[in-house]
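**Q** One structure follows; several queries about it will come next.
The values are calculated or read from the model by the stated rules, or taken from the named source; none is laboratory data. Everything numeric here is computed off the predicted structure, so don't read it as measured data. Cβ sites come from the backbone with ideal geometry, for glycine too, and all protein chains shown count toward neighbours. With ligands, DNA and RNA removed, areas are computed over all heavy atoms of the protein, side chains included. Shrake-Rupley method; radii C 1.70, N 1.55, O 1.52, S 1.80 Å.
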Amino acid sequence: MASRCWRWWGWSAWPRTRPPPAGSTPNFHHHLSTQEKTLQICVVGSGPAGFYTAQHLLKQHPQAHVDIYEKQPVPFGLVRFGVAPDHPEVKNVINTFTQTAHSGRCAFWGNVEVGRDVTVPELREAYHAVVLSYGAEDHRALEIPGEELPGVCSARAFVGWYNGLPENRELEPDLSGDTAVILGQGNVALDVARILLTPPEHLERTDITKAALGVLRQSRVKTVWLVGRRGPLQVAFTIKELREMIQLPGARPILDPADFLGLQDKIKEVPRPRKRLTELLLRTATEKPEPEEAARRASASRAWGLRFFRSPQQVLPSPDGRRAAGVRLAVTRLEGVGEATRAVPTGDMEDLPCGLVLSSVGYKSRPVDPSVPFDSKLGVIPNVEGRVMDVPGLYCSGWVKRGPTGVIATTMTDSFLTGQMLLQDLKAGLLPSGPRPGYAAIQALLSGRGVRPVSFSDWEKLDAEEVARGQGTGKPREKLVDPQEMLRLLGH
């Protein structure tokens, strides 16, 4: 019976002109309010996973209404706070997300922290389905002695600092030393190295924050080492990011040809993207550059290098014990083949002096609410194709679903899949029947708790303010970084 009810309510995306099914009351639709026919869905998190999930549901179901909740007063998650300021083209997806937010069946509610201002059970009570898409808000710890010393910070916090993430605005990275060490060899590690070494005048036309630009202008960092436990065949960055580093103005690459011995034969069997990436590394390490490129490298005042087969064991303190002064690395060798290749220590150690240590060994998600299952080892919500295990009507998409891997396009595919599963469950009669109040119920709860949500039109006022502030200095925008100031500007 339940699944027939869905059809009666017009939830199966019939064209409006189709006559009602045989056996139903001719004026049945007429007697139901719009609210009763609406499929009320809540999405937690307004990054790519949240917006792509919303987009899919709105497109596939003409009576779906999606409310997107976000703990920041501003939308777009890692597109705003994770994408490097010198990669503006990656931020173009914001235009698509804005179109979704402008849909009459979609609403954005910022400045609402799920798990604190409102609970997941309260959301489940108010909506037919809830999708958790809140991403990976934490970083993986190194779990080595000395990582709590001043001078050590996560690459995630550093990225948040130069991109204006409110919680990282107080970060004061010490760039007074001449060497920085980044532990990790993924795209985030390369982003951080690039920002540290890019001449500040190349960044002043981007949306990097004013405070970060000021600190980078004073930076004395001349050399950045990116350290990885395994070898050139296992780096986690992509060729586009590597090419940018190799061509970085005022900087030269340092690669040890010995790290690449015998690699020429090994790369014949690897997949094409990995092969092209390794060939570029190999050429950079072993071939003599063209005269023009050789001259450019010779005149470069800064340098970056990849240190392979090294595993961090300890952050070394300065003589007074007050701050980081280097990293002790275990020399490793590889065992196993293909994906199963792992680094094992050889017993040798090496100390790498530096004034700044940035750990870039991965992001991880946090549990959002005691009622939601969470795998703290993997840092994900246990799920099958986006359906949260043992909690009907609860779903997840993006990094909290599959771990912090992949690019925006990967997240899009993944989010569409979660949306598809939700609609399949709807058709099968597995979601609650009967009308749900949606935002009306949540608004009452928030109001009673003194929480003032920020709407999408509120965000557009903040957006206009940022753009206006940027115009004076030739930047696309000057990001607001203080949530209190944002709320003041909105009269909250």
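**Q** How large is the charge dipole for the chain, taken about the Cα centre, if only the Cβ atoms of Lys, Arg (+1) and Asp, Glu (-1) carry charge, to the nearest 20 debye?
**A** That gives a dipole near 1040 debye.
**Q** Give me the one-decimal nm value for the distance between modelled label points at ARG276 and ALA141, 7 Å along each residue's Cα-to-Cβ direction.
**A** Between ARG276 and ALA141, the label points sit 4.0 nm apart.
**Q** How big is the chain along each principal axis, measuring the range of its Cα positions in Å and listing the largest first?
**A** 82, 52, 45
**Q** Still on this model: How far is it, in nm, from the label point at GLU148 to the one at ASP351 when both lie 7 Å from their Cα along the line to the Cβ?
**A** Roughly 2.3 nm, to one decimal.
**Q** Note down the relative contact order for the chain as a percent, whole number, built from C-alpha pairs under 8 angstrom at least six residues apart.
**A** 23
**Q** How much accessible surface does TRP225 have with a 1.4 Å probe, in Å² rounded to 10?
**A** Counting only protein heavy atoms, TRP225 exposes about 40 Å² to solvent.
**Q** Nearest 0.05, what FRET efficiency do ARG333 and GLU113 give at R0 = 45 Å with Cβ-Cβ as r?
**A** 0.45
**Q** Please give the FRET efficiency for GLN420 paired with ARG169, using the beta carbon to beta carbon distance and R0 = 60 Å, rounded to the nearest 0.05.
**A** 0.95
**Q** Taking R0 as 35 Å, what FRET efficiency do you get between SER433 and VAL407 from their Cβ-Cβ distance, rounded to the nearest 0.05?
**A** Once rounded, the FRET efficiency stands at 0.35.
**Q** Still on this structure: Based on DSSP H runs of at least 4 residues, each adding -39500 (n - 2.57), what is the mean residue ellipticity at 222 nm of the chain after dividing by all its residues, to the nearest 500 deg cm²/dmol?
**A** Using -39500 (n - 2.57) per qualifying helix, the result is -10000 deg cm²/dmol.
**Q** Using a 1.4 angstrom probe on the protein heavy atoms only, line up LYS427, LYS91, LYS240, LYS364 by accessible area, largest first.
**A** LYS427, LYS240, LYS364, LYS91
**Q** Just subtract the alpha-carbon distance of LEU489 and ARG323 from 0.36 nm times their residue separation and send over the number in nm, one decimal.
**A** 55.9 nm
**Q** Counting only protein heavy atoms and using a 1.4 Å probe, what share of the accessible area of segment 328-397 belongs to carbon plus sulfur, as a whole percent?
**A** 55
**Q** Keeping every protein chain in place, order LYS475, LYS288, LYS210, LYS71 by accessible area at 1.4 Å, biggest value first, i.e. largest first.
**A** LYS288, LYS210, LYS71, LYS475
**Q** Still on this model: As a test of reading the structure, rank ARG124, ARG272, ARG80 by solvent-accessible area (1.4 Å probe, protein chains only), most first.
**A** Most to least solvent-accessible, the answer reads ARG272, ARG124, ARG80.
**Q** A follow-up question, please. In whole angstrom, how far apart do the alpha carbon centroids of segment 168-228 and segment 310-351 sit?
**A** Computed from Cα coordinates, the inter-centre distance equals 23 Å.
**Q** Stretch GLN218-ILE239 to full length: gain in nm at 0.36 nm per residue minus the Cα-Cα span?
**A** Once the chain is fully extended between GLN218 and ILE239, it gains 4.5 nm.
**Q** Shifting gears a bit: Please tell me the relative contact order of segment 155-211 in percent, rounded to the nearest whole number, where contacts are Cα pairs under 8 Å and at least six residues apart.
**A** Computed value for segment 155-211: 42 percent relative contact order.
**Q** If we count every other residue with Cβ under 9 angstrom of ALA136's Cβ, Lys/Arg +1 and Asp/Glu -1, where does the sum land?
**A** +1
**Q** Would you list the P(r) distribution for segment 59-201, with all Cα-Cα distances sorted into 5 Å bins from 0 and each bin expressed as a whole %?
**A** Over segment 59-201, the share of Cα pairs per 5 Å bin runs 2, 7, 14, 18, 17, 13, 11, 8, 5, 3, 1, 0 percent.
**Q** Can you compute the equivalent ellipsoid semi-axes for segment 278-397, i.e. the square root of 5 times each eigenvalue of the Cα gyration tensor, sorted largest first and rounded to whole Å?
**A** After scaling each eigenvalue by five and taking roots: 40, 23, 18 Å.
**Q** Also, quick follow-up: When the Cα atoms of segment 365-409 are enclosed in a convex hull and the volume is divided per residue, what value in Å³ results?
**A** 78
**Q** At each listed q (0.17, 0.21, 0.31 Å⁻¹), what is the log10 of I(q)/I(0) that the Debye formula gives for segment 149-205 modelled as equal alpha-carbon point scatterers?
**A** Scattering profile of segment 149-205, log10 relative to I(0): -0.59, -0.91, -1.46.
**Q** So, counting K/R as plus one and D/E as minus one, what does the shell of residues with Cβ under 15 Å around LYS91 add up to?
**A** Local net charge: -1.
**Q** A follow-up question, please. Keeping the other protein chains in place, figure out the carbon and sulfur percent of the accessible area of segment 250-307, with a 1.4 Å probe.
**A** 51
**Q** Excluding ligands, DNA and RNA, what is the solvent-accessible area per residue of the chain at a probe of 1.4 Å, expressed in Å²?
**A** That works out to 46 Å² per residue.
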